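Taking it in order: structure first as structure tokens, then the write-up.
The values are calculated or read from the model by the stated rules, or taken from the named source; none is laboratory data. Being a predicted model, the structure only gives us computed values, none of them experimental. Quick reminder, even Gly has a Cβ in these numbers, built from the backbone with ideal geometry, and neighbours come from all protein chains shown. Side chains are part of the model used for accessible areas, which takes the heavy atoms of the whole protein and leaves out ligands, DNA and RNA. Shrake-Rupley method; radii C 1.70, N 1.55, O 1.52, S 1.80 Å.
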Amino acid sequence: MSLRQHSYFSPFASVLEEEVVSLPESIVAAACSRSGQSVLHVDSRSYYGGNWASFSFSGLLSWIKEYQEKRDKEEWAAWQELILETEEAIALRKKDQTIQHVEVICYASQDADEHVEELGAVQKNPASVMSASSNDPLDSMGTACSDTSELTAQLSEPDTAQEVPDGDVPLGKESCGGDAECSQSPLEQEKAENVPVGEDVDSPRKNRITYSQIVKEGRRFNIDLTSKLLYSRGLLIDLLIKSNVSRYAEFKSVTRILGYREGNVLQVPCSRADVFNSKKLTMLEKRMLMKFLTFCLDYEQHPDDYKAYEECTFSEYLKTQKLTPNLRHFVLHSIAMVSETSTNTLDGLRETRNFLQCLGRYGNTPFLFPLYGQGEMPQCFCRMCAVFGGTYCLNHAIQCLVVDKGSGKCKAIIDHCGQRISAKHFIVEDSCLSEQTCSNVTYRQISRAVLITDRSVLKADSDQQISVLTVPPEEPGSAAVPVIELCFSTMTCMKGTYLVHLTCPSSKKTAREDLESVVRKLFTPYDEAELENEVEKPKILWALYFNMRDSSGINKDSYNDLPSNVYVCSGPDCFLGSELAVKQAEELFQFILPNEEFCPPPPNPEDIVFDGDGVQPEVPAPKPDATEKMTGQGDEEEKSAKEMTARQETEL
């Protein structure tokens, strides 16, 4: 196997150029770099991940400020004079407009004797530091880069541990078994400094968390712009295992699947053990549920049981299966996680089977969550790209694409400095395209809410629960709202708090209008006057609402006059998993390199042969022993043998 060495970026040496470092683009870049292509990855932002990024609390404040100010970026160098008569330009968007209706509400009080300047916290945005070194994109972000061979073994041999204990099943550093001698890289040591060491959970001040504390402990937070989970048998996990990118990340198993019914939050039994241990179900309901779930695992083998209902909704089909209303509710919203009105029977059965097949691979639920947030995923693939020679350039905007009039193909870009960069293939995210290019495109919107709360939506013996809750829609035809609740052991929030993500397709004008009613069902705003009174619901300390553009599912033909060698990636969708991003990345890679394997396993170090290394350097013949030099003695046969060995080594 021959892997080409790549020199530092030259404006005319790039084979593949990219505009935004989000998950699909990161996967494509890693796959192309792995296949020996020269990759230049350019991002106008000062941080990695685009709308898939994760921020510390101070970093998120900077991000919020950027979108609320609505100011244009600095003036760019003129590019019109660089366009030849045989060329034309396609201008790119100067400002990202994928985020709208950003609203921040702080419910926690600020101590009178503790003044924390919010502006100072904003200025500590680590994103401004990470652009200082762009050749190794992950190091500046503090991503774990340890020897995680045990993690790789666990991911590569998942079926060896079908029975797992209750609680977290971490797939990262915990594999060291708590040994203090486990080696740590400098990056791991830096992250270890951020391990939550807040007040004891049983402290009388545990509910009295102030905004000052949140700002001071801002480095403990890793807040995702896009809320996702990884299906344990999903495409992203399979890709992480196959490409060995899993060694750059650590994971925890989601511990609870929750449901919301009649104003109460309940734990949903989804595995065989959960069903028979549940005290919420009668014995008859347990038998009915187990019988139905067993059928769903191989429903395709029994077409007579569902063929007559293919045109019906999955909700209507469940009514024919003699399930109680309680069971139908849990199967529809917490197991299949599909729409009550728009999902047909086959899709519902397929999603139920997918959920069940993912059970038991790494834990008692189908889901994994990456430590330090979803933003770790694009960074992991950026690291793989950099390892194989990819070049990264942050805070570097692109003004236009240069198109050759004769061939109709894009041949170069012009950056904000007026520099012309040539390439063969170009990948851009939809957010970079101008209004003129997207004039025929109709976008959907995603409504997002991020909450910092003081306790879990469902009390448990352990404070390290990672939960997924689905809140059914209030009105027929509207979408259910998935809620992901993260505890401090996920390294996404400070101890004594929980980080809660809510996501749904937007049906109203703003995210707050879409999600505030759900938030009010589950939480209550923090109020100093209520500190002495025990309230039933968790308290909201801080909330962020915003809308994000959903550009998934848009055909390339919908864009105006895009050259054939310019490929468009969509932003995040509103689904719980990342399957669409992986599918899109693989499709784009096949367009660019149709005869290459997509993200093959990395080679063993001893198998790598660099170009120009076909002839090994000569090995000098061993010098005569010093004693022989002095005495002039030595066995002639031994000397002949040494000379022959030297010649053989030289020839090799």
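Which order do 311, 285 take by accessible area at a 1.4 Å probe, largest first?
311, 285
For the range 313-396, what % of the accessible area comes from carbon and sulfur atoms, probe 1.4 Å? Before the final figure, lay out each step's value.
Working: 1040 of 2340 Å².
Carbon plus sulfur share of accessible area: 45 percent.
Keeping every protein chain in place, order 580, 502 by accessible area at 1.4 Å, biggest value first, i.e. largest first.
Putting 580, 502 in descending order of accessible area: 580, 502.
From the phi angles alone, apply the Karplus equation (6.51, -1.76, 1.60; θ = phi - 60°) to the range 332-340 and give each ³J(HN,Hα) in whole Hz, x where the residue is Gly or Pro.
Result, rounded to whole Hz: 5, 9, 10, 10, 6, 6, 10, 6, 6.
Ranked from the most accessible area to the least, with a 1.4 Å probe and all protein chains present, what is the order of 298, 304?
The residues order as 304, 298, largest area first.
Using Cα-only point scatterers and the Debye equation, what is log10 of I(q)/I(0) for the range 407-549 at each q in 0.10 Å⁻¹, rounded to two decimals?
Ignoring solvent entirely, the Cα scatterers give -0.53.
Just flag the trypsin sites (Lys or Arg not before Pro) in the range 496-590 sitting in loop per DSSP whose Cβ has no more than 16 other Cβ atoms within 10 Å. Could the numbers behind the result be given before it?
Values: sites: 508, 509, 512, 520, 521, 539, 549, 556, 583; in loops: 508, 509.
Here the trypsin sites (Lys or Arg not before Pro) that fit, given the DSSP loop and packing criteria, are 508, 509.
Non-local amide H neighbours of residue 567 (under 5 Å, H modeled in plane, Pro and chain starts lacking H): which ones?
426, 427, 428
If R₀ is 45 angstrom, what is the calculated FRET efficiency for the pair residue 524 and residue 80, using the beta carbon separation as r and rounding to 0.05?
For residue 524 and residue 80, the calculated efficiency is 0.20.
How large is the accessible surface of residue 463 in square angstrom, using a 1.4 angstrom probe and rounding to the nearest 10?
Here the accessible area works out near 50 Å².
Rounded to the nearest 10 Å², what accessible area does residue 238 show when all protein chains are kept and the probe is 1.4 Å?
My reading of the accessible area for residue 238 is about 70 Å².
Report the full-extension gain for the segment residue 459 to residue 561: residue separation times 0.36 nm, less the Cα-Cα distance, to one decimal in nm.
Computed gain between residue 459 and residue 561 is 31.2 nm.
Can you tell which of 221, 254, 241 lies farthest toward the positive end of the dipole of the range 200-304, using +1 and -1 charges on the Cβ of basic and acidic side chains (Lys, Arg; Asp, Glu)?
Positive-most Cα among the choices belongs to 221.
With +1 on the Cβ of every Lys and Arg and -1 on the Cβ of every Asp and Glu, and nothing else charged, how large is the dipole of the range 260-363 about its Cα centre, in debye rounded to the nearest 20?
Dipole magnitude for the range 260-363 comes out near 580 debye.
Please work out how much accessible surface residue 302 shows to a 1.4 Å probe, ignoring ligands, DNA and RNA, in Å² rounded to 10.
We get 80 Å² for residue 302.
Tell me, in nm to one decimal, what length is gained between residue 238 and residue 347 on full extension, where the rule is 0.36 nm per residue of separation less the Cα-Cα distance?
Answer, rounded to one decimal: 37.0 nm.
Taking the Cα centre as origin and putting +1 on Lys and Arg beta-carbons and -1 on Asp and Glu beta-carbons, what dipole magnitude results for the range 200-313, to the nearest 20 debye?
800
Quick check: net charge around residue 275, other residues with Cβ under 10 Å of its Cβ, Lys/Arg +1 and Asp/Glu -1?
It works out to a net charge of +1.
Which of the pairs 228/252; 509/537; 252/459; 319/521; 95/409 have their Cα atoms more than 22 Å apart in this structure?
509/537; 319/521; 95/409
For the range 291-447, give the magnitude of the charge dipole about the Cα centre (Cβ charges: +1 Lys/Arg, -1 Asp/Glu; no others), in debye to the nearest 20.
420
Please work out how much length the chain gains when fully extended from residue 596 to residue 420, using 0.36 nm per residue of separation minus the C-alpha to C-alpha distance, in nm with one decimal.
Working: separation 176, 0.36 × 176 = 63.36 nm, distance 2.91 nm.
Length gained between residue 596 and residue 420: 60.5 nm.
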